[in-house]
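The values are calculated or read from the model by the stated rules, or taken from the named source; none is laboratory data. What you are looking at is a predicted structure, and each value in this text was computed from that prediction instead of being measured. Every residue, glycine as well, gets a Cβ built from its backbone with ideal geometry; the counts of neighbours run over all protein chains shown.
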Ligand SMILES: Nc1ncnc2c1ncn2[C@@H]1O[C@H](COP(=O)(O)OP(=O)(O)OP(=O)(O)O)[C@@H](O)[C@H]1O
Ligand SMILES: [Mg+2]
């Protein structure tokens, strides 16, 4: 029933030189649930629409079960799609809406049993005789899903099916979708820009940015071993803290990471992960610290592999089971472009993504390009340039580090706190945004 979807160097150009999707290669295995993730405007819907046949492929090839499918009409692809803004026929009951694709395909047969079965699956039996106007948003979404699922497609494409719902309903339906697709074993591509959906849903996640695929991996690896600074920043809540740093490796002393106000000494002998840092001597890098990598404790309590820092508490977010402590360490936060907003529209005849003709130290706009992956780092000032009414000096004082603690830890804004950083969990990215630490081949296997 389920099928393999393969994209080979697939690109989509709407204008003459504006790539919405650029050389995406990706294989979705039969029965797999793949989440396509990325900020608004990065090309997710376009990829989905090309798979469905609703959009022409400009360059590259699409294969369905190994067969070249670029020109197969949508109807013959046996693909069901739930759209970003789902549309039910307002003058049809839920029953008629769900039965619509069945009637279209086979008008002579009684589809009632199949409609009932689909409704049971989605727990909407009671709603079958209501019209869309008499349903809540979540209920409408279920009916829309019922309509897509009723004819047992072999591929299920969902484009942000939960984006219009409130958080609670979203969580509930998310679990439902996971169960349903697992049960049906249907190959599914699920588009979202909500990274929280990734961890709970996907077998694998494909992260896109500016039309380009950044990483395809398990959600766990996307979190633990992000290929670049963009993926690191996009996946994980709270967002990873990214600090500008310089590698300091004098001949006569140990190596350290200079974070502006403070230095993180890397103990000798250097770990495998930190050895590659030596060639970055004197160069700007970005240090990434996840909130669980740092704890509030004095140097006397340091465990092996932990180094001391200090900071001033800016504010504390109590979240019931834990607290997030926002700390200012005096370092300069590195800001990754494109994380949330759509990119500015491209001037006609220009490629949308910026080119790296202004390479320089991290204080200025820096970008790099590697195997199709692009990482642009810019200082906070330029990221909100033109933001009239915001005092540029005020922006510099916000916290640069988020530390996760138990709810029992009592710290007040303004207090100076000692910090311990677990070096084994430290990320370092080079000037182009590529991950250097942990070493790209993965973490060393401690068992051997
Ligand atoms: N019909 C079109 N003509 C021209 N440009 C388009 C067209 N459709 C999409 N684009 C552009 O292509 C890019 C990718 O759009 P797409 O809809 O695939 O983004 P998305 O990742 O789904 O974003 P969102 O999360 O906001 O839905 C955007 O810059 C968009 O403006
Ligand atoms: Mg979209």
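Only one of the numbered conditions (1) within 16 Å of ligand 2 (Cβ to nearest atom); (2) more than 30 Å from residue 230 (Cα to Cα) is not met by residue 52, and that is (2). Residue count for the stretch 1-17 satisfying the condition of being surrounded by 21 or more Cβ atoms within 10 Å (Cβ to Cβ) and within 8 Å of ligand 1 (Cβ to nearest atom): 1.
Of note, residue 74 does not satisfy the criterion of being exposed (fewer than 11 other Cβ atoms within 10 Å of the Cβ) and either at positive phi or in the same structural domain as residue 183 (by TED's automatic domain parsing) (or both). Restricted to the stretch 161-193, and to residues there that are within 16 Å of ligand 2 (Cβ to nearest atom) and in contact (Cβ under 8 Å) with a residue 60 or more places away in the chain, the residue that is farthest from residue 30 (Cα to Cα) is 164. Of 81, 50, all but one fail to be assigned to a strand (DSSP E or B), closer than 17 Å to residue 154 by Cα and either touching a residue at least 12 places away in the same chain (Cβ under 8 Å) or in contact with a helix residue (DSSP H, G or I) (Cβ under 6 Å, 6 or more places away or on another chain) (or both); the exception is 81.
If I filter the stretch 336-355 for residues that are modelled with pLDDT of 85 or more and crowded, with 17+ Cβ neighbours inside 10 Å, do I get at least one hit? For the stretch 336-355, residues modelled with pLDDT of 85 or more and crowded, with 17+ Cβ neighbours inside 10 Å: present.
Here residue 254 fulfils each of the conditions (1) assigned to a helix (DSSP H, G or I); (2) free of Cβ contacts under 8 Å to residues at least 40 places away in the same chain apart from (1). Report yes if residue 24 is crowded, with 16+ Cβ neighbours inside 10 Å and either more than 24 Å from residue 212 (Cβ to Cβ) or within 16 Å of ligand 2 (Cβ to nearest atom) (or both), otherwise no. In short, yes.
Only residues that are touching a strand residue (DSSP E or B) at 6+ places or on another chain (Cβ under 8 Å), near ligand 1 (Cβ under 9 Å from one of its atoms) and over 15 Å from residue 156 (Cβ atoms) were counted in the stretch 18-46, giving 10.
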